[in-house]
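Input: a single structure, listed below in structure tokens.
The values are calculated or read from the model by the stated rules, or taken from the named source; none is laboratory data. Remember, it's a predicted structure, so these values are computed and weren't measured experimentally. Positions of Cβ are backbone-derived with ideal geometry, glycine not excepted, and every protein chain shown enters the neighbour counts. The area values use the complete protein model at the heavy-atom level, side chains included, leaving out ligands, DNA and RNA. Shrake-Rupley method; radii C 1.70, N 1.55, O 1.52, S 1.80 Å.
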Amino acid sequence: MVLLGQESTVSVTMEEMLIHCRSVTRGAEYAFVVGDMPFLSYNVSIPEAIQNAGRFFKEANVDAIKLEGGVEMANTVRAITNAGMAVVGHIGFTPQSVAQLGGYRIQGKKADSAVSLYQDALALQEAGAIAIVLEMVPAKVAEAISNALSIPTIGIGAGVGCDGQVLVFHDLLGL
């Protein structure tokens, strides 16, 4: 989105993501590279999700793919992992659902939505996710989720209670 000057992540295509991931894996000698599955590349059908995930592994040589969603994506995560590919989940603020979420807003501020995030995280772990991104989640909620899981959590605006942090330098610099 940032590199291509897009308004949101929704318009980014598989071909664009594959080009970027290929570029990264060619130059990343020691990094664990995660390919971000674009909008509608995994949520139309499970067979299509497996095929598109496979493209990231075959064509871009990634170590894992990332997809957005919780409980509703657990069967897709399970199917992709059963096909031999590593999956990172992404819950909280999910950029591909920005229109449904009413804009760029913190998720999990109320008790019922915090419980829903907790259930999403457990469902993704149970489905075989190797890690979960928690984006724009209150620090206490993110820490509680992190403490409940046996897989790592990566925070993006989710406080220091996560196992790791993402900082998009383009955002930091206001680009």
Here the longest stretch of the chain that holds no trypsin sites (Lys or Arg not before Pro) in a DSSP loop having at most 15 other beta carbon atoms within 10 Å is 1-104
Consider the candidate values (1) 15.3, 44; (2) 16.5, 54; (3) 15.7, 51; state which one is Rg and Dmax of the Cα atoms in Å computed from the structure displayed. (1)
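Under unit Cβ charges (Lys, Arg +1; Asp, Glu -1), what dipole magnitude, rounded to 20 debye, does the stretch 1-61 have relative to its Cα centre?
Rounded to the nearest 20 debye, it is 180 debye.
Can you give me the relative contact order of the stretch 21-175 as a percent, contacts being Cα pairs under 8 Å and 6 or more apart?
Across the stretch 21-175, relative contact order equals 17 percent.
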Phi-based couplings in Hz for the stretch 106-116 (Karplus 6.51, -1.76, 1.60; Gly and Pro marked x): 4, 10, x, 6, 9, 4, 5, 6, 5, 5, 4
Given charges of +1 on the Cβ of Lys and Arg and -1 on the Cβ of Asp and Glu, with all other atoms neutral, how large is the dipole of the chain about its Cα centre, in debye to the nearest 20? 80
Provide the solvent-accessible area of Phe32, counting protein heavy atoms only and rolling a 1.4 Å probe, rounded to the nearest 10 Å². 130
With all protein chains present, how much of the accessible area of the stretch 44-175 (probe radius 1.4 Å) comes from carbon and sulfur, to the nearest whole percent? 56
Accessible surface of Leu4 - all protein chains present, 1.4 Å probe, nearest 10 Å²: 70
